[in-house]
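Engineer: This is the structure I have questions about; it appears just below.
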Amino acid sequence: MGTAVWALISFIAIVLFWAIFTKRNIGEAMILGFVVTLVFSGSQAFELFLPSLMKGLTHSVVFASLAFIFMAQLINYTGLIGRIIQILNSLIGRLPGGAAYVNTFGSGLFALVAGSGSGIAATTGSITIPWMERSGWRKEHAASIVAGNSGFGSIIPPNSTMFIMLGFTPVAATVGQGDLFIALYIAGLYALIHRVVVVFIMTKKYNIQSVHPNLIQPIGKSFSEGWTSLLIFLGIILPLIIHFGPLAKWYASVESVGETAMNAMSFIVWVPVFMIIFTLIVGRNHLPKGKSQWVKFFEDTAPSYYVIGPVLIFTFATSAVLNEIGLTEQLQTLMMSFAVPKWLMIAIVGIIITLVATPLATTATIATIGLASFGALTAVGVDPLLAVVTIMMFGATEGSTPTSGPIYVATGMARVGPEKTYVPLLIYYTIPLMIISWLIGMGIIPIPL
């Protein structure tokens, strides 16, 4: 094995050790991993240090990810998601098992604006778990549905795992940002269908009723009170319209704009900018008032940046070092030497990602082994775009694997022991999602490329 491969193995080992045994901030592990990677570069270490660090600090993905965190905090603070969930409840709450359907669709919508699994579980679960319990759901099943649905945060863009994958140099060279967005929306649709089927099966099996009528507002009332909250999704729709389809072609044909200007516009940068603007407009009456409230808001939300900031910066910096010392070529040579068939390699990558995501969050998992997984899949002939989608789908098992954060969030709200959710989660969420991910990697479930 080449030096770059050993550097990657050392990086992974350091991050896993730091996360499992020291229980400290995973960002610290990324910094340490970056330093160790530089050591493996030998005489190039001092030459690579500053340029690699600057790539991490100035990467557009870092800005986009931090902007999304700020946007998600604003949406939470203004209560916009709660109003959207009320509209969903008016629409589908009267169905048998309606509260679980509301949580499923609400989690999917919230994933569009916040990629945190624990955040999705906390936000949607705080509203729908009491509804589910009054509908006849057992506590452990209500908690399982909320935790399982939190996995949307690692599939539906935008999210931190997507940003990390796009930050890896080999990925950025072969996968377009806009193409990945569209592919992940399609994968998210498959994940949504799977979760709707899960709720349908459990509803029939346990004879669950609809949401209690006292908890359902008339659709006219919920829509009149909360329709403006739906406008935040224009922050995603407008950049999509501008970057894809006839309008994008027209802009490219305009002499004063042209293809050069269109290509220079970063899709993942403009999405959070638009969404922040619409959130500020729609939620203006519920924003912090005065200097003291804004200071309190930033103090309360600051911890959200402590982990993801260093993780992104030093993941990209490490990726730059590994790329310079030849990781891509060495990794592909190594994988091809194993002569592992495509179907088996996809399965191995999926099992490893799922196991690593048990002690680590999905973000840390992808930051740790995402690059190696990408190299392994592309080496056996998986299309680069499809490889990223497959990796992120496997990573979305975080919310349904034992000891993951969303499980504790959901079971805490349902007042039930986490261990009671492990079997339902594995049966209904983890194993089916791994199968779906494998089918996507094999090209059996289509993702248009």
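The values are calculated or read from the model by the stated rules, or taken from the named source; none is laboratory data. Because the structure is predicted, anything quoted here is derived from the model rather than measured. When we count neighbours, we look across all protein chains shown, and the Cβ atoms used for this are built from the backbone with ideal geometry, even at glycine. Each accessible area value is taken on the protein alone, full model and side chains, heavy atoms only, with ligands, DNA and RNA left out. Shrake-Rupley method; radii C 1.70, N 1.55, O 1.52, S 1.80 Å.
Engineer: Look at segment 388-422 and say how many of its residues are within 16 Å of the chain's Cα centre (by Cα), among the hydroxyl-bearing types (Ser, Thr, Tyr), assigned to a helix (DSSP H, G or I) and at pLDDT below 85.
Structural biologist: 2
Engineer: What is the one condition in (1) at pLDDT 90 or above; (2) under 21 Å from Asn214 (Cβ atoms); (3) part of a helix (DSSP H, G or I) that Pro96 does not satisfy?
Structural biologist: (3)
Engineer: Pairs needed: first member in segment 374-387, farther than 14 Å from Ile352 by Cβ; second member anywhere, among the charged types (D, E, K, R) and assigned to a helix (DSSP H, G or I); C-beta distance under 6 Å; at least 6 residues apart or different chains.
Structural biologist: Val380/Lys342; Gly381/Lys342; Leu385/Asp179
Engineer: Now a separate question. Tell me which helices (runs of 4 or more DSSP H) are completely within segment 166-255 and hold 1 or more residues being at pLDDT 85 or above and of a type in the set (A, V, I, L, M, F, W, C), or say none if there are none.
Structural biologist: Answer list for segment 166-255: 169-174, 177-206, 219-226.
Engineer: When segment 106-131 is examined, which residues are found to be small (Gly, Ala, Ser), at pLDDT 80 or above and open to solvent by 20 Å² or more (accessible area, probe 1.4 Å)?
Structural biologist: Passing the criteria: only Ser126.
Engineer: Just a yes or no: is a residue in segment 440-449 in contact with an Asp or Glu (Cβ under 8 Å, 6 or more places away or on another chain) and either of a type in the set (Ser, Thr, Tyr) or open to solvent by 50 Å² or more (accessible area, probe 1.4 Å) (or both)?
Structural biologist: Looking for residues that are in contact with an Asp or Glu (Cβ under 8 Å, 6 or more places away or on another chain) and either of a type in the set (Ser, Thr, Tyr) or open to solvent by 50 Å² or more (accessible area, probe 1.4 Å) (or both), one finds at least one in segment 440-449, hence yes.
Quick grid of which residues meet (1) open to solvent by less than 20 Å² (accessible area, probe 1.4 Å); (2) farther than 12 Å from Thr161 by Cα:
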site	(1), (2)
Thr363	no, no
Ser373	yes, yes
Thr378	no, yes
Asp383	no, yes
Ala387	yes, yes
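Engineer: Picking from Val269, Val311, which residue would you name as being open to solvent by less than 10 Å² (accessible area, probe 1.4 Å) and out of contact with any Asp or Glu (no Cβ under 9 Å at 6 or more places or on another chain)?
Structural biologist: Sole residue among the options that is open to solvent by less than 10 Å² (accessible area, probe 1.4 Å) and out of contact with any Asp or Glu (no Cβ under 9 Å at 6 or more places or on another chain): Val311.
Engineer: Among (1) in a loop (DSSP other than H, G, I, E, B); (2) over 22 Å from Ala147 (Cβ atoms); (3) under 20 Å from the mean Cα position of the chain (by Cα), where does Thr358 come up short?
Structural biologist: Every condition holds for Thr358 apart from (2).
Engineer: Same structure again: Among the residues of segment 133-146, is any part of a helix (DSSP H, G or I), buried (at least 24 other Cβ atoms within 10 Å of the Cβ), under 19 Å from the mean Cα position of the chain (by Cα) and not polar (S, T, N, Q)?
Structural biologist: Yes, segment 133-146 contains at least one residue that is part of a helix (DSSP H, G or I), buried (at least 24 other Cβ atoms within 10 Å of the Cβ), under 19 Å from the mean Cα position of the chain (by Cα) and not polar (S, T, N, Q).
Engineer: Further, regarding this structure: Which one of these does Ile92 not meet: (1) in contact with a Phe, Trp or Tyr (Cβ under 8 Å, 6 or more places away or on another chain); (2) among the hydrophobic types (A, V, I, L, M, F, W, C); (3) surrounded by fewer than 24 Cβ atoms within 10 Å (Cβ to Cβ); (4) under 24 Å from Thr365 (Cβ atoms)?
Structural biologist: All conditions pass for Ile92, except number (4).
Engineer: Then there's this: From (1) open to solvent by 10 Å² or more (accessible area, probe 1.4 Å); (2) within 24 Å of Tyr408 (Cβ to Cβ), pick out the condition that doesn't hold for Asn159.
Structural biologist: With (1) open to solvent by 10 Å² or more (accessible area, probe 1.4 Å); (2) within 24 Å of Tyr408 (Cβ to Cβ) applied to Asn159, the lone miss is (1).
Engineer: Would you please list the contacts, defined by Cβ atoms under 6 Å and residues six or more apart or on different chains, that run from a residue in segment 8-22 that is surrounded by fewer than 21 Cβ atoms within 10 Å (Cβ to Cβ) to a residue that is of a type in the set (Ser, Thr, Tyr)?
Structural biologist: Ile12/Thr368
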